[in-house]
Amino acid sequence: MADVVLNNLSKKFDDHTVVKDVNLTIPDKEFFVLVGPSGCGKSTILRMIAGLESITQGQVTINGRVMNDVPPKDRDIAMVFQNYALYPHMTVYENMAFGLKLRKYSKKEIDSRVREAAEILTLQDYLKRKPRALSGGQRQRVAVGRAIVRKPQVFLFDEPLSNLDAKLRVQMRLELSKLHEQLQTTMIYVTHDQVEAMTMGDKICVIKDGVVQQTASPLDLYHKPQNKFVAGFIGNPPMNFVDIMLEKDKDQIVMRDHHLRFIAPDALGKRLKQHAGREVVLGMRPEDIYDRLFYNYKVAEGSTVKAIVDVVEPMGSEIFIYFSIGKDELAARVPAYVKAEIHQQMELVFNLEKAHVFDKETGDSLL
């Protein structure tokens, strides 16, 4: 078991910087997720931890030991790749045992570890099969099993579920979370899927263009994003954004554009008073926009808007409603009993108690 520390970690390819001054501390036994869009540098960070990519600047330490010049085989890590990387001519048993054979473990120890991992991953009935006779989910479990038998101090996962269909991804997310709970080992997981990140990670690091944007627990990322990028990346449908002007009207702060006029609640108004006269970005989660007709609570003055429905997406337990206000296209997440049709006019309530406000230039949160 070990903690992993990245100090000012940077990576350049020629003159192009793909990872810039990353500082992260991943405690022992934590399930840590690196998430971001394709090309943001998250897999490069993982490969530098593994020793598969050279480090341009900074340090990687595992359990207090600097790993910059330590060969991958001596780092006591195990990596699971996106494409499984199984040997097609070997059985499941042989694939899982191969790394241990290279390390000269005894046959008895190899057999014990392979069968223990197979039991954890419910692969006991497949040990004599070859990869071509397995489903995608089973092949991914074999790849995980090959890592488990090593009993490493750190597991590294590089988008391991990307090749699976939606149902299998959900199943494998559950299995990996259970596996982490059972093994109590440090796991670092890379994904571009914010749903995977939110459902699996103890801590999530959001990366954009090789730069860490925010590191926090899943719920803190969701409810307290530090900037507009994090707010828009985490959540499905993503957060709505509207450019608005903050104006002072007597003791109130009014949020206005050509089609909207909201009155900030007292608590929000006090925090925004210093920004009066500026154009900012208002952020609203889809679930914080309600249908006025079915909203049973007292509606605050200056918190509603009328809009025409553009698209309706029934999801079973809920409905996503997409609508336009001027040039802005927004989304609301409403209960399944709400009746919504395309071209219908709806009066929508914006729960401004849960609003987010961002600096228009920097994207940083103003709250």
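The values are calculated or read from the model by the stated rules, or taken from the named source; none is laboratory data. Just so it is clear, the structure is predicted and the values come from calculations on it, not from any experiment. Here Cβ is always computed from backbone atoms with ideal geometry, including for glycine, and neighbour counts include all displayed protein chains. To get the accessible areas, we keep the full protein, side chains included, count just its heavy atoms, and leave off ligands, DNA and RNA. Shrake-Rupley method; radii C 1.70, N 1.55, O 1.52, S 1.80 Å.
Some observations on this one:
- The residues listed here are 103, 75; of these, the one that is closer than 17 Å to residue 150 by Cβ, charged (D, E, K, R) and open to solvent by less than 70 Å² (accessible area, probe 1.4 Å) is 75.
- Those helices (runs of 4 or more DSSP H) lying entirely in the range 74-192 with at least 3 residues more than 25 Å from residue 52 (Cα to Cα) and over 23 Å from the mean Cα position of the chain (by Cα): 107-120
- Conditions (1) part of a strand (DSSP E or B); (2) open to solvent by less than 60 Å² (accessible area, probe 1.4 Å); (3) aliphatic (A, V, I, L, M): number failed by residue 308: (2)
- Flag if residue 244 is open to solvent by less than 10 Å² (accessible area, probe 1.4 Å) and without any contact (Cβ under 8 Å) to a residue 60 or more places away in the chain: yes
- Per the conditions (1) in a strand (DSSP E or B); (2) surrounded by 15 or more Cβ atoms within 10 Å (Cβ to Cβ); (3) touching a Gly at 6+ places or on another chain (Cβ under 9 Å); (4) touching a residue at least 24 places away in the same chain (Cβ under 8 Å), the sole criterion not satisfied by residue 321 is (3).
- Qualifying positions in the range 126-151 - closer than 24 Å to residue 202 by Cβ, of a type outside the set (Lys, Arg) and open to solvent by 10 Å² or more (accessible area, probe 1.4 Å): 148
- Just one of the numbered conditions (1) more than 17 Å from residue 350 (Cβ to Cβ); (2) more than 30 Å from the chain's Cα centre (by Cα) is not true of residue 253: (1).
- Which numbered condition residue 290 misses (of (1) surrounded by 17 or more Cβ atoms within 10 Å (Cβ to Cβ); (2) outside any strand (DSSP E or B); (3) of a type in the set (Ser, Thr, Tyr)): (2)
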